[in-house]
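Written below as C-alpha cells is the structure these notes are about.
Read-outs: derived from the displayed coordinates by stated rules, not from any lab. As the structure is a prediction and not an experimental result, all values here were calculated from the model. Glycine gets a Cβ as well: all are built from the backbone with ideal geometry, and neighbour counts include every protein chain shown.
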Amino acid sequence: METKEFLRRLTEGAGVSGFEDGLVGTVREAFGPYTDEFTVDTMRNCVALRRGAGPEPRVKVMLAAHLDEIGLMVLKIDDRGFLRLAQVGGFDPRVLVGQEVWVHGRRTLPGVIGIKPPHIMSDEERRKAAKLEELFVDVGLGPDEVGEVVATGDTITLRRQLVELQDGIVSGKALDDRAGVACLLECMRRLAVLRHEGDVFAVATSQEEVGLKGAATSAYSIRPDVAVAIDVGHAGPGLPEHEALKLGKGPALTIGANIHPGVRALLVETAKACSIGYQEEVAAGATGTDAWAMQISREGIPTALLSIPLRYMHTSVETGSLDDVVASGRLLAEFCARVDRAFVEGLPWTV
C-alpha cells in the first residue's frame, strides 16, 4: 500500500483513544508484506516485527507512533434528542463549533455540532469563547429514535476527508499522529532492502492522547535496547519564527531531558550521511509524547524523538507534508541499519 493511500485510510478512519480497533485491520494489511510477525497486544498496540540479520542475542530497536486520535464521547442524551459531549483528549472547544461528525453508535450516524446562534446570544455570551457544555451534536433524530441507536459512552469523531493541497501538502484530521504511523510503514518498506543487525519493532501505540499508555506497556513488553518515538511538532503560524518548524524541510530531532544524546547523535549523523534534511526542536522538560513513557520503562531505555512538522495541531485541518513523512521513514530505516551491539554497548550519556 502506498504511503499516501495508507495515510488517507488512517486519517479518514475512526480510532479515538481506547477505541482503536477499527484501524487494526488497515495497519495489519499495510505492514504485513514487510514484517516477519504482526501482533496486537492486550492494550491494542499493533506491533510489527522485522527480524535482523545479526548474531543472537540481537539488539532490539523500538519505533513508536501513536494510532489513536482525540475525539468526543456521548455524555448524555437530552430530552430533545441532542447529544451532550465529553472530551477524549485535548480539543479546544472553539474549533468544534459547526463541525460535521460521525457518531459511532449501534450504527454510524452523521451529525453536526451546534451551538446557540449569535442572533439570540447575549452581548456577554458573544464576547466569550464557547464552552464544551454549551455544544451538542444533532443527528436529526427525535429523543425516542436517537436512543435506539446511540448510547451514553459512544464515541464521536470529526467527519473529514484528507485533502491534497499544493506541493505535496495534505490536510485533514488525526495527522497527529497517523502521519507518524505512515512514517513507520515507509521505514519498514525501506528496511526490506537494507541489511540491519537488530530486530526492529514498529509499534502503532494506543491511548497516547490520554496518558501515553500504549507506549508504556509495549516498551515494558518489548524491552528494547534503543527506542525512537515518532510524533508531530508545531509548525507555524502562531509561533515565534525561531521556534516554528517548517513544512517540507524534514523531521525535527528533539534536544532535551527526555532525549538520550547518544541516540540523537546517531540520528543526526545518519541524516547528514544520507543527505536528509532535518530541523532542531528543543524540549526542556516533558515532551508529552510516547518518548516520555518509553524512556522510563523498566530500568530506563535510551530514547530519542523525531517530530514531523504539523500546522494547526488538534484541529480538523491538521496540515503536513508527505515529503516529511517519507524523509522521516527513510531516516529511521537508515538509522536502524546502523544500530548494532557495539553501538548499544558503547552508548555514552554525553557526546
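Separation of the alpha carbons by more than 19 angstrom is noted, of LYS60/LYS272; LYS4/LYS213; LYS249/LYS272, for LYS60/LYS272; LYS4/LYS213. Rounded to whole Å, give me the distance from the Cα center of the range 102-118 to that of the range 294-351. Taking the Cα centre of each part, the range 102-118 and the range 294-351 sit 37 Å apart. Just one of [x] 62, 47, 44; [y] 56, 50, 41; [z] 68, 42, 39 is Cα extents along the principal axes in Å calculated from these coordinates, so which is it? Checked against the structure: label [z]. In a DSSP loop and with at most 13 other Cβ atoms within 10 Å, the trypsin sites (Lys or Arg not before Pro) in the range 256-351 are ARG298. The residues neighbouring HIS314, those whose beta-carbon lies less than 10 Å from its own, together hold a net charge of -4 under the Lys/Arg +1, Asp/Glu -1 convention. Taking the Cα centre of the chain as reference, the dipole from Cβ charges on Lys and Arg (+1) and Asp and Glu (-1) amounts to some 420 debye. Model label points for VAL149 and ARG195, set 7 angstrom from Cα along the Cα-to-Cβ axis, are 5.9 nm apart. Taking the C-alpha atoms only, the angle from helix 21-31 to the longest principal axis of the chain is near 30 degrees. Computed over the chain, the per-residue total of -39500 (n - 2.57) for DSSP H runs of n ≥ 4 gives a 222 nm mean residue ellipticity of -8500 deg cm²/dmol, rounded to 500. Give me the angle, in degrees from 0 to 90, between the Cα long axis of helix 175-191 and the longest principal axis of the Cα atoms of the chain, rounded to the nearest 10. Helix 175-191 sits roughly 30 degrees off the main axis of the chain. For ARG106 and ARG51, the difference between the fully extended length at 0.36 nm per residue and the C-alpha to C-alpha distance is 15.7 nm. Phi-derived couplings, Karplus 6.51 cos²θ - 1.76 cosθ + 1.60 at θ = phi - 60°, listed residue by residue for the range 89-104: x, x, 7, 8, x, 4, 8, 8, 4, x, 7, 8, 9, 10, 9, 9 Hz, with x used for Gly and Pro.
Measure out, as a whole number of angstrom, how far apart the alpha-carbon centroids of the range 250-264 and the range 69-83 sit. Using only Cα atoms to place each centre, the spacing works out to 40 Å. For the range 242-251, putting each phi into the Karplus relation 6.51 cos²θ - 1.76 cosθ + 1.60 with θ = phi - 60° gives couplings of 6, 9, 7, 6, 10, 5, x, 9, x, x Hz, in residue order, rounded to whole numbers and with x for Gly and Pro. For LYS116, list the lysines whose Cα falls under 19 Å from its own Cα; do not include residues on the same chain fewer than 8 positions away. Output for LYS116: LYS76, LYS128, LYS131.
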